[in-house]
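Below is one structure; the comments refer to it alone.
The values are calculated or read from the model by the stated rules, or taken from the named source; none is laboratory data. It should be emphasised that the depicted structure is a prediction, and the values quoted were computed from it without experimental measurement. A quick note on method: Cβ atoms are made from the backbone with ideal geometry, for glycine too, and the neighbour counts reach across all protein chains shown. Just the protein is used for accessible areas: all its heavy atoms, side chains included, with ligands, DNA and RNA removed. Shrake-Rupley method; radii C 1.70, N 1.55, O 1.52, S 1.80 Å.
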Amino acid sequence: MKVLKFGGTSVGSSESIRNVKNIIRAQKGRKIVVVSAMSGVTNKLVEIFSAVNEGNSEVVDALLLELKLKHLQLIEELIISSETKRMTEAQFLELYEQLEESLGNTAVSEAAVVTFGESFLSLIFSQFLEEEGVSNTLLDAKNFMHVSNVENPEIETVQKHLKSTLQREVTNEVYVTQGFVRIDRNKNISTLKRGGSDYTATIIGAAVNAKEVQIWTDIDGFHNNDPRFVESTTALTHLSFEEAAELAYFGAKILHPQTVSPVKDRNIPIYLKNTFTPAAPGTCISSEAHGSGLKAISAKDGITAIKIKSNRMLMAHGFLKKIFDVFDKHETAIDMITTSEIAISLTIDDTRNLDKILYELDEYGEITVDSDHSIICVVGEGVINDHETFRLFELLNDLPVRMISYGGSSNNISLLVDTQNKVQALQLLHQKLFEDKILKVT
Ligand code: ADP
Ligand code: ASP
Ligand code: MG
């Protein structure tokens, strides 16, 4: 079994959906196809949900109509036979009415609303494939994506539910299902967070012990820097699981931060491919190390730095434990840490419990908080062993760097900068690392 995931732009128009069909048809064997919502649709649903909460019914009606027309137009463009068209429209409108109904229910959650985008698209896509002769079975991901803990999904639970779903459904070579959605521990609809369809694909991949997971998107693989901010980035043909996990966790938008973890220990490779140029090699993420040295740079925004300055206690044993316990109690992960004789600086990205954390830290010293920072992450097998690594710090001549983490792992050097300086930092590092080649690049 293979798992193929197609992102928002890959299913964003009738033309690209035809490409997707060709990609699926060209591959032999059983596959589970995971689809996102059409590009822009999840954002619209988020807007609709907040307009409902603000009681702005004019905006709600206008946005709902836009969504409805967009999907009816897609059916019109994709489906030829009038009978299939009528049936698909009727099934879509039934789902659309469920969305309208749920918006009228004050108890409905945002997740239950925003996951309709995937339900709409998967229904239309499955009918289109069928009409084109790609016999398939549409699976409702809510029947098996039982994921209580987003950070640490129990693959065995998904496996058990997926197995019984597959036994109940018509056996086929192609199954189509929705990304993004999950069922939480209270059996409510929730999500795997924005961009989560990549993660759906690897969770399913692990659950069926797939031969491989393919992630089809709008770019020819993992680039060595963020192409949205840096010109002349290039695609990498190979990344190890560790390198890809680090880059995804530290902001590379091409992969949801947790995508790699379900498949890493099971040694299931991930291929990143471009729906619009399927012949391009793309990137293979696997356990095989392909050379050592620098691979890529990424940046993660929305970082808050917290400094705790205490001239009394820092060196006393047990002090760091007390600080970390505060973060642990409030379920907040720490990304970067640096210490000095009198202060500890650390960063978090989840600020939901920041007020409570600061209240409790207050007794340990003087606290300074800086929001709107970005972590820039330089990744590559053994990157810190390069004799020229120190030259990275020439960056400090051009830009203020708030924190540096070096040596935590041999594969990663992280820098914390004000988000205002992020683009300049990415560009300067790109110049030094990939154009002047101050380090060995693989
Ligand atoms: P999808 O809708 O298919 O999930 P995304 O928009 O989530 O696609 O991810 C693909 C986009 O990620 C690319 O178009 C690119 O702009 C952006 N991106 C950011 N960093 C990288 C990187 N290092 N390599 C490739 N793409 C990147
Ligand atoms: N449609 C969802 C989003 O926009 C999930 C995804 O595209 O991966 O976040
Ligand atoms: Mg994505």
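Scalar couplings 3J(HN,Hα) for the stretch 37-54, obtained by applying the Karplus form with A = 6.51, B = -1.76, C = 1.60 to θ = phi - 60°, are 6, 4, 4, x, 5, 4, 4, 4, 5, 4, 4, 4, 4, 6, 5, 4, 5, 7 Hz; x denotes Gly and Pro. Using the rule -39500 (n - 2.57) for each DSSP H run of four or more residues, divided by the residues of the chain, the 222 nm mean residue ellipticity is -11000 deg cm²/dmol.
When only Cα pairs below 8 angstrom with a gap of at least 6 residues are kept, the stretch 319-442 shows a relative contact order of 22 percent. Accessible surface of the chain, 1.4 Å probe: 47 percent of it comes from carbon and sulfur atoms. Helix 14-25: angle to the longest alpha-carbon principal axis of the chain, degrees 0 to 90, nearest 10? The answer is roughly 90 degrees. Remark: relative contact order (the stretch 175-291) = 29 percent; criterion is Cα-Cα distance under 8 angstrom and separation of 6 or more residues. Distance from the Cα centre of the stretch 1-75 to that of the stretch 383-442, in angstrom? A separation of 38 Å, based on Cα centres.
Mind checking the per residue accessible area of the chain for me, 1.4 Å probe, whole number of Å²?
Numbers: 20080 Å² over 442 residues.
About 45 Å² of surface per residue is accessible.
Which number do you get for Rg(Cα) / (2.2 N^0.38 Å) in the chain? List each step's numbers first, then the result.
Numbers: Rg = 23.6 Å, N = 442, 2.2 N^0.38 = 22.3 Å.
Normalised Cα radius of gyration, the chain: 1.06.
Rounded to the nearest whole Hz, the Karplus-based 3J(HN,Hα) values (6.51 cos²θ - 1.76 cosθ + 1.60, θ = phi - 60°) of the stretch 172-181 follow the sequence 8, 7, 10, 10, 10, 8, 9, x, 6, 7, with x at glycine and proline. Springs between Cα atoms under 10 Å define the GNM used for the chain, and in it the highest mean-square fluctuation of 355, 370, 140 occurs at 355.
Taking all protein chains as shown and a probe of 1.4 angstrom, residue 410 keeps an accessible surface of around 50 Å². Full extension of the chain between residue 73 and residue 367 gives 100.3 nm of extra length, using 0.36 nm per residue less the Cα-Cα distance.
In terms of accessible area, using a 1.4 Å probe and ignoring ligands and nucleic acids, 402, 352 rank largest first as 352, 402.
When only alpha carbons are used to place a centre, the stretch 142-195 and the stretch 230-287 end up 23 Å from one another. When 349, 328 are compared by accessible surface with a 1.4 Å probe, the order from highest to lowest is 328, 349. 3J(HN,Hα) couplings calculated from phi for the stretch 112-122 with the Karplus curve 6.51 cos²θ - 1.76 cosθ + 1.60 (θ = phi - 60°) are, in sequence order, 5, 7, 6, 7, 5, x, 5, 5, 4, 5, 5 Hz; Gly and Pro show x.
Could you state how much accessible area residue 146 has, in square angstrom rounded to the nearest 10, with a 1.4 Å probe and all protein chains kept in place? For residue 146, solvent-accessible area is about 40 Å². When the charge dipole of the stretch 227-269 is built from unit charges on Cβ atoms (+1 for Lys and Arg, -1 for Asp and Glu) and taken about the Cα centre, the candidate among 247, 232, 258 whose Cα reaches farthest toward its positive end is 258. Placing +1 on the Cβ of every Lys and Arg and -1 on the Cβ of every Asp and Glu, with no other charges, gives the stretch 134-273 a dipole of roughly 560 debye about its Cα centre. The heavy atoms of residue 30 offer some 110 square angstrom of accessible surface to a 1.4 angstrom probe. Ordered from largest to smallest accessible area (heavy atoms of protein chains, 1.4 Å probe), the residues 368, 177, 106 come out as 106, 368, 177. Taking amide hydrogens as placed 1.01 Å from N in the peptide plane, the amide H of residue 238 sits under 5 Å from those of 284, each at least 5 positions away in sequence or on another chain.
Its Cα centre serving as origin, the chain has a Cβ charge dipole (Lys and Arg +1, Asp and Glu -1) of approximately 1220 debye.
The residue among 347, 380, 364 whose Cα reaches farthest toward the positive pole of the charge dipole of the stretch 336-383, with charges on the beta-carbon of Lys, Arg, Asp and Glu, is 380. Translational diffusion of the stretch 19-130, estimated by Stokes-Einstein from the Kirkwood radius over alpha carbon pairs at 20 °C in a medium of 1.002 mPa s, is 142 µm² per second.
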